[in-house]
Every structure is written in structure tokens, then in C-alpha cells.
1. In the range 12-26, which residue that is exposed (fewer than 13 other Cβ atoms within 10 Å of the Cβ) and assigned to a helix (DSSP H, G or I) is farthest from the chain's Cα centre (by Cα)?
2. List the residue pairs whose Cβ atoms are under 7 Å apart, where the first residue sits in the range 29-52 and is outside the structural domain of F7 (by TED's automatic domain parsing), the second is among the charged types (D, E, K, R) and in a loop (DSSP other than H, G, I, E, B), and the two are 6 or more positions apart or on different chains.
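The values are calculated or read from the model by the stated rules, or taken from the named source; none is laboratory data. A quick note: this is a predicted structure, and the numbers were derived from the prediction, not measured. Here the Cβ is made from the backbone with ideal geometry for all residues, glycine too, and neighbour counts use every protein chain on show.
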Amino acid sequence: MTTTELFASNLRNQLYAKNRTQSDLARALKTTPTTVSRWVNAEQMPRSAMIDKICAYLKCTSEDLMTDHTKVMDLAPEDVLAEELSERPRLFRLMFYASKMSDDDLDALIQIAEKMK
């Protein structure tokens with residue numbers, strides 16, 4: 001994966017996680033929706049100063065946008081999950097409610113989540 005593709009993937013994920021659209025980002029940065037679309041589709045990479053502005057808007061770090069998060073270091077699965085849950089309160093809430101569901105309800109929830117990927 002190229003740096004531009006990695007950035008694009010992470011930017012899409014950050015926008016989704018923060019419930020923001022490409023249009024929201026374009027307005028906040030006073031740039032065009034076309035420019036943001038090029039970033040999100042890995043057609044273009046923003047300059048360093050713009051990455052800083054993106055981070056400020058999304059309340060994330062440049063590492064969040066530039067790091068390959070699919071490569072988990074030598075952590076046990078439960079440590080990875082614990083870290084995710086501590087960093088993402090909404091994910092924690094979902095896990096809390098899921099822990100009280102029946103197996104049938106969990107299966108239905110998993111099917112919904114798989115369709116949303």
C-alpha cells in the first residue's frame with residue numbers, strides 16, 4: 001500500500017468514526033469538495049500544513065492518518081481489544097450492550113455489521 005493509499009484509507013476511517021462527511025471537511029478547511037475527494041480516493045496527497053489542519057478538525061494526530069493500523073505489533077488480542085475499547089467510548093458502549101444480548105441477537109448484530117463494512 002502506498003503512502004497516499006494509506007492516508008486515504010485512514011482519512012476515510014477518521015471521517016466515518018467522527019461522523020463527518022467529505023463536504024464537512026472541505027467547508028472546515030476552506031477547500032473544494034473535489035480536493036477532499038482526491039485525498040479520500042488516493043488520487044492526491046495533501047501538503048503537510050493541510051494534514052495539520054485536517055488533524056485539528058478531526059481531533060486526531062498525523063500518526064492516526066499516516067500509520068498502517070492493520071499491522072498490530074506483538075500484542076495479545078485481548079490487549080489490542082482493551083486498547084481499542086479505552087480509546088473509543090462508543091465501541092465500549094456497543095460491547096457493553098452486546099454482552100447482555102442472547103446468542104441469536106448477537107448473530108443478527110454480526111450480520112448487520114458485516115453488511116456495513
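1. S23
2. The qualifying pairs do not exist here.
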